[in-house]
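The values are calculated or read from the model by the stated rules, or taken from the named source; none is laboratory data. None of the values given here were measured: they were computed from a predicted structure. Note that each Cβ is placed from the backbone with ideal geometry, even for glycine, and that neighbours are counted across all protein chains shown.
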Amino acid sequence: MFDPSTDPRVFALAPGVDFPKALVDGLRARMAGQPPEAMARVELIVNTTRMARRIRAVFDDGPATLLPRIRLLTGVADPLALAHLPAPVSPLRRRLELTGLVSKLLEAQPDLAPRTALFDLSDSLATLMDEMQDEGVSPDDLADLDVSDESGHWQRALSFFQIVQRYFENAEDAPDTNAFRRLALEQRLIDWDKAPPEHPVILAGSTGSRGMTHRLMMAVSRLPQGALVLPGFDFDTPDAVWNGLTDALTGEDHPQFRFARLMHDLHMAPSQITPWTTEAAPAPGRNRLVSLALRPAPVTDQWRAEGPTLPSLAEATDGLTLIEAQSRRDEATAIAMRLREAAETGVTAALITPDRMLTRQVTAALDRWNILPDDSAGTPLQLTPPGRFLRHVSTLFQHDLTAEALLTLLKHPLTHSGEDRGPHLLATHELELHMRNKSWPYPRPDQLRGWGAATDREAWAEWIIACFCQPPVRGPRPLMDWLEDHIARAEAIAAGPGGADSELWREAAGRTARATVEGLREEAAHGTDLDARDYADLFAAILQREELRDRDAPHPRILIWGTLEARVMGADLLILGGLNENSWPELPGADPWLNRRMRQKAGLLVPERRIGLAAHDFQQAVAAKEVVLTRALKSDDAETVPSRWLNRLTNLMNGLPDQGGPEALKAMRERGRHYLRLVRALEKPTPLAPAPRPSPAPPVAARPRQLSVTEIKTLIRDPYSIYARRVLRLYPLNPLQRAPDALLRGIIIHRVLEEFVKDSVSDPAQLSVSALLAKGAEIVGNPEEVPFPTIRHLWQARLGRIADWFTETERARQAIARPARYEVRGHADLPALGFRLKGQADRIDIDDRGLAHLYDYKTGAAPTADQQRHFDKQLLLEAAMVENGAFPDLAPRHTERAVFVSVATNPKEVPAPLDEMPAKQVWAEFEQLITRWFEPERGFTARAALLRDSDFSNYDHLSRFGEWDVIDTAEREILE
């Protein structure tokens, strides 16, 4: 294939050239005239599976031929030589071993790192080990670094390096995957050195960014029939720039740095790199523009000197579109619009971006047109239905069962999937309503069993009890025990009461999940003892490392690629999305082990190298025939910074008016604004008039005939709520997981005070602070009453702050009158209107004269006298009800006092203004009020007189509050 030569043999293809197609074309041209079997002797080494697949597809599209032997960089070793090497240890086993070692180290030295960092440290340590194997760096090399100014951090890092020393010392006995590849490569290089292969060996598509790959490329280039084919080689870079790229500290972030280093190590000049084919780049002028824009800093003088020599920039950027969206949502929608256009016109289009959030937003936007892109990254297994299901089940071992956790799993599509799910879903719906109504934050077996008996679902309830109502597992256990219990519990939940075969392990996601579980089961013996939380974290991390791809479902022409896949090309349209700093290039992750300077000294990857690789991917992709560049001007309401490469490109174009740079840039943006206008048109809402402020007037017969004393305030302040609740019968749904809110606190504190007062009446010695605190500990401290440990302590502390005041004032209250009734219900009627007022008095005392003293406990602030006169008439109405004989077996002649007892932070008594508003007057005004509400023209106006505009109403969404304001006139609607 190649003429004999003593020089290294290196070819290249310019940015923008379809690399796999040009590679195959060059192979065919060089093999022309040779027998068919000659192609089969060619050994072709490529860097990714996608590249290999594309090369095979290109061969399939051409004339019939034998294929070359296509190998990946990870599989270049001779199979016979591999037989003499020990089998590699699986990455999962090594990770489990590292987790155990780090766990023991943290137990021995807790000051090194918090326990919550266990898995992050294990992951990052495993990544560092892989990188050290790739670059040929041993722990001894790290220990020899000069870190005199960072001794504290370094000593902590060395503690971790020491525990992995064994894996480097014994690498030849039990190598991990990367060590195995390094050993295999070293053996291959030794074999080549002894007996160089005579058949063609071509390494194509790699930049040599890794140490092992770089060594392999140098060896291949010197074989008798060996050659390198470099992707995206910048033939427009001058020799002076190439010569300045040899310093890693200043040039490693340049897209061509790796090629410069390769040429330096091979003692080659740029002029010795020849094109693999004669095929020209799609836009040679654009390649020159981008090459100049990406020159290593400082570049201003080069821009001034070489900028005027560039060709017309209008022609160079003819196929370039720039979309600068106002938000990330607009950017994603604009990309989706362009991809939809490509799908409709039969154009193959690929979105290239490292921003996974952007790809998810684009996928969601495409869903409105039933377009599912072919995402090369697939879906993380943990986000698939089986992955989510298994993660939910793993958390059941950590805590007592909560209502939220129970219903989350009961509603999961894989739960009870072994038999008919219809009855299961109906039972789940009814159980949820019952749990909300009864406020079960932690459902207990007796509660579930009682509900099952009442609804004739005993078997279903027993299944829930057996699968879910298990106590949390405390303390560490072996990984295998956790896994077996976890999977058994998951299968029982998925199967249902009948134990039939479920859908858990079916379909592609289920099969992948099962394979992952089986892999963990095989390696579980190498794991360490874990507690419930650590096991759940470990299991989730293992699922996260797996991906699921469905090759049949996606659209064949709409693709989503990572930046590395820009080298594969093959699409008619490339969209480079997320071109903002910290997105493309990505912000380097935090390294807990080595800083930039230490990495550079040790020979490991530095952040600039990753930036340089991203720059090379950008330079290749932007050189395609038709390219769309996109970025969002704002993200999370903050201004964004354009990607350094886009920023350089636009700045250079703006500085070249003689080449039409500003006009070309304006044209690029105008093409982008076309899609932004489509986005605005797509999302423009249909004009609708805002809803008026409602004031429905239902028929008199439909209006409520009874209300409670607490609802009278609502009737005055927000009549619409009474209409929605009592006329429409729309009731707010109780929260699933009842929060320790003011309502629950009020109920609990009421019970404490009521029982304390009862005890003090029967035994005056109990009227003491210690007795009150003991009663609080008995009720508030009961986990079944208050199932929130922290809240129990807070509420008891709050009760302790008012205990002295309440005990002292209670003595005064009992000196005035003797408690007679607690939580007593009563009602009073308005016969002429057919209306009944109901009420429940917290406490009614009777004095020696037979007069009533009303008390109402408030755990918050009590209403002021002015508020009681105008709106909050609860206690005044209860006083009137007492005088009207509303409470059974209680017939006082008169209400002497009515007092709010506020046990808030600043406790005090707030009397009702009975001297200004006697009970008879209150009742008369109440009768007049209800009479007015039975007038046919009277409307139930929304938010008629709320205390504050910020006050919340349960029915604001129904009244469409926000489309109108409280200053708007209510629109009365007569209903029939």
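Some notes on this structure:
- Checked against (1) under 18 Å from ASP872 (Cβ atoms); (2) in a loop (DSSP other than H, G, I, E, B), ALA942 passes all but a single condition, namely (1).
- Hey, ALA615 in contact with a helix residue (DSSP H, G or I) (Cβ under 7 Å, 6 or more places away or on another chain) and closer than 26 Å to THR317 by Cβ or not: yes
- Residue under evaluation ASP591, criteria (1) more than 20 Å from the chain's Cα centre (by Cα); (2) free of Cβ contacts under 8 Å to residues at least 40 places away in the same chain, criterion not met: (2)
- LEU262 vs. criteria over 30 Å from LEU573 (Cβ atoms) and under 45 Å from the mean Cα position of the chain (by Cα): yes
- Selection of helices (runs of 4 or more DSSP H) fully inside region 547-658 by the criterion of at least 2 residues being within 23 Å of THR363 (Cα to Cα) returns 607-622.
- Evaluation of VAL147 against (1) over 30 Å from ALA283 (Cα atoms); (2) among the β-branched types (Val, Ile, Thr); (3) modelled with pLDDT of 90 or more (one fails), failing number: (3)
- Scan of region 882-905 for residues that are under 56 Å from the mean Cα position of the chain (by Cα) and at pLDDT 90 or above, ordered by number: ALA898, VAL899, PHE900, VAL901, SER902, VAL903
- Filter result for the condition that a residue is over 27 Å from ILE748 (Cβ atoms) and surrounded by fewer than 20 Cβ atoms within 10 Å (Cβ to Cβ), over HIS793, HIS870, HIS827: HIS870
- In the condition set (1) crowded, with 18+ Cβ neighbours inside 10 Å; (2) farther than 14 Å from PRO740 by Cβ; (3) in contact (Cβ under 8 Å) with a residue 40 or more places away in the chain, ARG818 is compliant with all but (1).
- Considering (1) surrounded by fewer than 23 Cβ atoms within 10 Å (Cβ to Cβ); (2) within 30 Å of LEU633 (Cα to Cα); (3) hydroxyl-bearing (Ser, Thr, Tyr); (4) in contact with a strand residue (DSSP E or B) (Cβ under 9 Å, 6 or more places away or on another chain), the lone condition that SER312 does not fulfil carries the number (4).
- LEU877 being outside any loop (DSSP other than H, G, I, E, B) and under 23 Å from ARG726 (Cβ atoms): yes
- No other residue among GLY346, GLY307, GLY387 is touching a residue at least 24 places away in the same chain (Cβ under 8 Å), farther than 30 Å from TRP440 by Cβ and outside the structural domain of ARG671 (by TED's automatic domain parsing) apart from GLY307.
- Scan of region 757-778 for residues that are more than 49 Å from the chain's Cα centre (by Cα) and either within 20 Å of THR790 (Cα to Cα) or part of a helix (DSSP H, G or I) (or both), ordered by number: VAL757, LYS758, ASP759, SER760, VAL761, SER762, PRO764, ALA765, GLN766, VAL769, SER770, ALA771
- Matching entry among LEU396, LEU414, LEU431 (being more than 23 Å from ALA454 (Cα to Cα) and assigned to a helix (DSSP H, G or I)): LEU396
- Filter result for ALA880 (crowded, with 16+ Cβ neighbours inside 10 Å, in contact (Cβ under 8 Å) with a residue 12 or more places away in the chain and under 15 Å from ASP915 (Cα atoms)): yes
- Qualifying helices (runs of 4 or more DSSP H) (wholly inside region 228-290; at least 1 residues being more than 30 Å from MET598 (Cβ to Cβ)): 239-243
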